[in-house]
Structures are given as C-alpha cells and as structure tokens.
1. For the residues Tyr154, Tyr83, what sequence is obtained by ranking on other C-beta atoms within 10 Å, fewest first?
2. Considering all alpha-carbon pairs of region 45-148, what whole percent are spaced by more than 22 angstrom?
3. Reachable aspartates and glutamates from Lys51, Cα under 13 Å, same-chain residues fewer than 8 places away excluded?
4. Can you return the aspartates and glutamates within cross-link range of Lys92? Criterion is Cα-Cα under 20 Å, with same-chain partners fewer than 8 residues away left out.
5. Roughly how large, in nm² to one decimal, is the mean projection of the convex hull of the alpha-carbon atoms in the chain?
6. Could you work out the helix-only [θ] at 222 nm for the chain, with each DSSP H run of four or more residues adding -39,500 (n - 2.57) and the total divided by the number of residues, to the nearest 500 deg cm²/dmol?
7. Can you work out ³J(HN,Hα) from phi for every residue in region 134-149, in order, using Karplus 6.51 cos²θ - 1.76 cosθ + 1.60 and θ = phi - 60°, giving whole Hz and x for Gly and Pro?
8. With everything on Cα atoms, drop me the angle between helix 45-54 and the longest principal axis of the chain, reported from 0 to 90° to the nearest 10.
Amino acid sequence: MFDLNSEQQTAVNEARQSGHTVILMSENDRVLGLVSIADAIRPMAQSMIAKLNKLNINRTVLLTGDHEVTAKSISHQVGIKQYLSQLLPKDKQMKVKELQEQHGQIAMVGDGVNDAPALATANVGIAMGSAGTDTALETADIALMGDDLSKLPYTMKLSRKALNIIKQNIVFALTTKALTLLLVIPGWLTLWIAILADMGATLLVTLNALRLLKLKD
C-alpha cells in the first residue's frame, strides 16, 4: 500500500468521483504519478435504464470490480438504483445468488470473462454480441449482436408479449378442442365441423401470433 500525500490523495479522489479508475505509477515504493482511465458510458445507457423502469423493472444493480466511489459515480450518471463494487468474478456470482434469494428472477447483462460465472448463475444471461468475449457469449442465454443496449427493453417487451400470446393460443386451442368434444355427446359432430374446428384453431393461433409483428421498439 502506498502512502499518498494530500495532493495525490485529492487527485485520486477527484478522479474516482468522476467515474475513473486510478492507476498509480511508482518506483521503489515512491509514487511518481497517476493515470486515470474510464470506460465511456454509452449515450443510450441512461435512456435504457429509464425504459426498463417503465416496464416495471425498478430494481437495477451494478456489479463491478471498480472502486466504490467510481461505481457510485457511474450508477448516479446512468440512473442505476444500487451498486456493488470491488467484486471478483466469484463475488459477482455470489451476489447474483444473493439477489435471487432476495428478489427471485434475475437477469444479468455482461460482456467479459469476469461476467461469465454471474451470467451462468442468473436466470437469464444477456451478453453483448460483438463486444463480448467468446466465454460470455457461450454462457449467456441471449446475445445482443449489435451491442445496442437500447434493444434490451425492446427484447424484454417482446418476450413478455410472446409469452402472453403463447398462453392465449393454448387457451384458444384447448377451448376449441373441448367444444368439439362436447358436440360428440349429442351426436352433433360431423366431419365438416371437425375439419372447421381443426382448421379454425390453426388459423386463430397463427393470426394471433402474427400480432408480434406489430410490436415496435
């Protein structure tokens, strides 16, 4: 651990508060200087979080290996409600397990080797396609091939809509079959009615599924 003078410590704190990670350069335990680096926050990140909130996803958590001050700054800029900092890959995995125990279903978004264990543990792992590592892509359930975070809310909205339509189609199909079977009891079921019921159910669920094409981002 290096002993920093007041000027150096101030510079480190200011860099961290700006969302930067600080690297110290030293010689024989004497600090010669510092370099602050930071990943550029994607322009759509803040709007993406806002869209997720509109989808009733109100709990967003940042898992990062960066310093706490850096994590706090990034979370504040983007609009993330909670942050967990200075995490190793195994720590991220453990935190995902803890969040699952506390809140249930968890979706994890990541792009690096360090995120792979957490992606595998989450209920839904989402990797960044071209920017992500091969390990993250192989581990994740979903890959955003364009690396466009703005597609994440749309993906969730599309998934919810698809699930609702699947449930509706199951109800439609079972109801049609049940009504057809009821016609057997009084002897009213004819060949043409059976064909109409079968084709009608097929057309009904198909047309209902086509409503997904109208869903816009």
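None of the figures in this text is laboratory data; all of them are computed from the coordinates on show. Computed from a prediction, not measured in an experiment: that's the story for all the values here. Reconstructed Cβ throughout: ideal geometry from the backbone, glycine too, with neighbour counts over all protein chains shown.
1. Neighbour counts put them in this order, fewest first: Tyr154, Tyr83.
2. 27
3. In chain and number order, the partners are Asp217.
4. Filter leaves Asp39, Asp66, Glu68, Glu101, Asp111, Asp115, Asp134, Glu138, Asp141.
5. Mean projected area of the Cα convex hull: 17.0 nm².
6. Mean residue ellipticity at 222 nm (helix-derived): -16500 deg cm²/dmol.
7. Calculated HN-Hα couplings, in order: 4, 4, 5, 5, 6, 7, 6, 8, 10, 10, 8, 5, x, 6, 9, 5 Hz.
8. Helix 45-54 and the main axis of the chain meet at about 40 degrees.
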